[in-house]
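The values are calculated or read from the model by the stated rules, or taken from the named source; none is laboratory data. Everything quoted here is computed from the prediction, not taken from an experiment. Using ideal geometry, Cβ is built from the backbone for each residue, glycine included, and neighbour counts are taken over all protein chains shown. When the accessible area is computed, the model is the full protein with side chains, heavy atoms only, and any ligands, DNA or RNA have been set aside. Shrake-Rupley method; radii C 1.70, N 1.55, O 1.52, S 1.80 Å.
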Protein chains: 2
Amino acid sequence: VLARLLARPDLFQVTGVAVRNPGTARIPTVPRGLLCGDPAALLERPADVVVELLGGREPARELIARALAQGRHVVTANKALLADELGGLSALAARNGVSLRFAAAVGGALPALEAVRRAAAHGPLRSLAGVLNGTCNFVLDRCAAGDSYAEAVALARAAGYAEADATLDLDGADSAQKLSLLIHAAGGGSLPWEEIPRRGIDSLDEATLARSARQGRTWRLVASAERTAAGWSARVQPLELPPDHPLARPSGAGNALVIERADGEIVTLEARGAGRWPTTEAVMADLFDLSDSWGALAVETAAETAAAGWRQEGAA
Amino acid sequence: VLARLLARPDLFQVTGVAVRNPGTARIPTVPRGLLCGDPAALLERPADVVVELLGGREPARELIARALAQGRHVVTANKALLADELGGLSALAARNGVSLRFAAAVGGALPALEAVRRAAAHGPLRSLAGVLNGTCNFVLDRCAAGDSYAEAVALARAAGYAEADATLDLDGADSAQKLSLLIHAAGGGSLPWEEIPRRGIDSLDEATLARSARQGRTWRLVASAERTAAGWSARVQPLELPPDHPLARPSGAGNALVIERADGEIVTLEARGAGRWPTTEAVMADLFDLSDSWGALAVETAAETAAAGWRQEGAA
């Protein structure tokens, strides 16, 4: 993200960078004076926007809450935190007249949050169903092609889809976090992601997957929710689908989402042939959106994994 | 729009309303002091947001440009104006740190502009293809079911899909205007809609439509564009499609859009069973988005067709 910000001095001025180890971080193009090791110190400097890439719960939550309370926009990729705290943080953003953005949190190439918000603005929703995790899709496709589960996970890692620890992808936690954010966007209030029952693709056995493939059927990890009289009911589970089902169509790391309105209208979003949608791209999309609305911005970033990030991106 | 604004005093304060005939307009719930007959007079009053529903070229363009220059957000449904002037007006908005929003202009229930912007943020696009006009879809479906063209257009009008003068829908002008906005969102610069070659569904004869229906094929008015070495090339034309084509799937007033990236990723959006997506809903979606980012807002509206609008919405 930092390299991309520095490449657009017409739009963005970087006024501070917090990393875990400012002494050893390899960030050649940032003046040393901008670096600090304490995210809280960022908030004493001038900035229009704070970009939170720390991950985890604290100090990320505290940083976001204080930045919003100071009247600064926040861009974050912290899906797990939002899936617990979005209600309070978005109310705080609204009270302070600033924007809390998290395009990185859901949907990759798909404008999933926007589609849900728009459908809900037009009238109440009946249900949501999505294939929201690219790693699971990739692994299920490889298993259907004959790989073992372990081989498929290793390939997903090698292709850059899966983290070194892919547990949160494979056990459905990532999908549950995204579903929680979509339900919030649907006006369904806060359903903390831990309360969403989930079964991951790690519960499937290889013989089942191979048999389904021979029968021309496709397994997908499906996150789904319906509005009931008692609020939203949700779950994450692997489902065996016919090949022409809208949720079966995306292959590789593709995503799909089906939004059903109470009046019967159905909106479908689908990305096929999707590659990785790196966090960097989604964060930058949020920052470009903000600069569309606000002109040039002074930006601060806080990143736990900064050093790794810079190496990936080359120059910085 | 006004009735909806007045229903949410927690979010919106109406500080002015311009209508063509303030003396005779039936707007019972607005204090007379807020009404005026001159859109320009609105700009002398305090407001965070100006909603432009005048339609046509002037004084709409002048009102939008002056409001943006004063640092006010603008929400507009004026597709034809934007399809000519978006480049200049969005630059003006950016320079003044405000937002120019026009969800009403493209795509109804589909977040078409957002999807194109997001795909383009990730890498260059190769092509766009969409079914962007609900009236044409409706008329083509009715003709396929055996109605005459004139009957189908009359039904579309009775169902509220088509305006009294549906010429801009049927001759492809509406689709060309939307396509121009999508190309701009794709980073393709300004391609004024009048320069997009177009053929409407009024060019089709009923015998052709009936024969296609018997063969299980579907006609759709398709707006499409590709990036070439010389810039974007675009056109609007009726096409005969196989029934499983993504652009053939939406029925009734449904819309669809296929976005192809240069790297081969394909993003598809599709709304089936879509009813009318009234301008009011889209304008309100924009206003809710703004209030999400900015808190409570003081709003002014200018509407040429105010009197009709109030009657439609009942109270005001």
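May I ask you to report, in nm to one decimal and beginning with the shortest, the distances from A:ALA65 to the same position in the other copies, taking label points 7 Å along Cα-to-Cβ?
Result, one decimal in nm: 4.8.
Please compute the average number of Cβ atoms from other chains found within 10 Å of each residue's Cβ in peptide B:113-120.
Averaged over the peptide's residues, the number is 6.
Limiting things to C-alpha atoms, what are the Rg and the maximum Cα-Cα separation (Dmax) for chain A, in angstroms?
According to the Cα coordinates of chain A, Rg and Dmax are 20.2, 62 Å.
To the nearest 100 Å², how much accessible surface do chains A and B cover up together, summed over both, with a 1.4 Å probe?
Summing both sides, the interface buries roughly 3300 Å².
Would you mind getting the Kirkwood hydrodynamic radius of the stretch B:207-256 from its Cα pairs, rounded to one decimal in Å?
Its Kirkwood hydrodynamic radius stands at 12.3 Å.
For B:THR228, place a label point 7 Å out from Cα along the Cα→Cβ vector, do the same in each other copy, and report the separations in nm, one decimal, smallest first.
Copy-to-copy label distances for B:THR228: 5.7 nm.
Set the Förster radius R0 to 35 Å, insert the Cβ-Cβ distance between A:ASP202 and B:PHE288 as r into 1/(1 + (r/R0)^6), and round the FRET efficiency to 0.05.
For A:ASP202 and B:PHE288, the calculated efficiency is 0.30.
Using a 7 Å offset from Cα along the direction of the beta-carbon, what are the separations from B:ALA41 to the same position in each other copy, nm, ascending?
Nearest to farthest, the other copies are at 5.9 nm.
Rounded to whole Å and sorted largest first, list the principal axis extents of the Cα atoms in the stretch B:88-171.
51, 28, 20
Could you state the principal axis extents of the C-alpha atoms in the stretch A:149-196, from the largest down, to the nearest angstrom?
Principal extents (largest minus smallest coordinate, Cα): 40, 17, 14 Å.
Once each part is reduced to its C-alpha centroid, what is the distance from the stretch B:138-164 to the stretch A:87-115 in angstrom?
The stretch B:138-164 and the stretch A:87-115 have Cα centres spaced 40 Å from each other.
Probe radius 1.4 Å, ligands and nucleic acids left out: which of A:SER224, A:SER251 has the largest accessible area, and how do the rest follow?
From most exposed to least exposed: A:SER251, A:SER224.
Quick one: the Cα spread of the protein assembly as shown along its three principal axes, in angstroms, biggest first?
For the protein assembly as shown, the Cα spread along each principal axis is 69, 61, 56 Å.
Go ahead and estimate [θ] at 222 nm for chain B from helices alone: -39,500 (n - 2.57) per DSSP H run with n ≥ 4, summed, over the residue count, rounded to 500.
-11000 deg cm²/dmol
Taking chain B as the reference, fit the longest principal axis to its C-alpha atoms, fit the long axis of helix B:112-122 to the helix C-alpha atoms, and give the angle between the two in degrees, 0 to 90, nearest 10.
80 degrees
So if the hydrodynamic radius of the stretch B:96-143 is defined as the Kirkwood radius over C-alpha pairs, what does Stokes-Einstein give as its diffusion coefficient at 37 °C and 0.692 mPa s, in µm² per second?
So the translational diffusion coefficient is about 249 µm²/s.
What does the accessible area per residue of chain B come to in Å², with a 1.4 Å probe and no ligands, DNA or RNA counted?
Result: 38 Å² per residue.
Taking the radius of gyration and the Kirkwood hydrodynamic radius from Cα positions alone, what is the Rg/Rh ratio for the stretch B:158-228, to two decimal places?
1.05
Using a Förster distance of 25 angstrom, determine the FRET efficiency expected from the C-beta separation of A:ALA210 and A:THR167, and round it to 0.05.
0.60
How many partner chain Cβ atoms sit within 10 Å of a residue's Cβ in peptide B:93-99, on average, as a whole number?
4
Cα-based Rg of the stretch B:41-113 per 2.2 N^0.38 Å, rounded to two decimals?
1.04
Which of rounded, prolate, oblate describes the stretch A:185-279, given a ≥ b ≥ c as roots of the alpha-carbon gyration tensor eigenvalues and a/c under 1.5 marking rounded, otherwise prolate only if a/b is larger than b/c?
In terms of gyration-tensor shape, prolate.
For the stretch A:54-67, what does the Karplus curve 6.51 cos²θ - 1.76 cosθ + 1.60, with θ = phi - 60°, yield as ³J(HN,Hα) per residue in whole Hz, taken in order and with x for Gly and Pro?
6, x, x, 8, 10, x, 4, 4, 4, 4, 5, 4, 5, 4
Evaluated at 37 °C with a viscosity of 0.692 mPa s, what Stokes-Einstein diffusion coefficient in µm²/s does the stretch B:1-142 have when Rh comes from the Kirkwood expression over alpha-carbon pairs?
Here the translational diffusion coefficient equals 190 µm²/s.
Any idea what the dipole of chain A comes to, in debye rounded to 20, about its Cα centre with Lys/Arg Cβ at +1 and Asp/Glu Cβ at -1?
Here the size comes out at about 240 debye.
Tell me the Kirkwood radius of the stretch B:113-217: reciprocal of the mean inverse pair distance over distinct alpha-carbon atoms, in Å.
Every distinct Cα pair counted, the radius reaches 15.2 Å.
Provide B:GLU300, B:GLU281 ordered by accessible surface of protein heavy atoms (probe 1.4 Å), highest first.
My answer, sorted largest first, is B:GLU281, B:GLU300.
Below 26 Å, Cα to Cα, which lysines can A:LYS178 reach? Residues fewer than 8 away in the same chain don't count.
Within reach: A:LYS79.
Quick one: pull the percent of accessible area on chain B belonging to carbon and sulfur, 1.4 Å probe, ligands and nucleic acids left out.
The value for chain B is 51 percent carbon and sulfur by accessible area.
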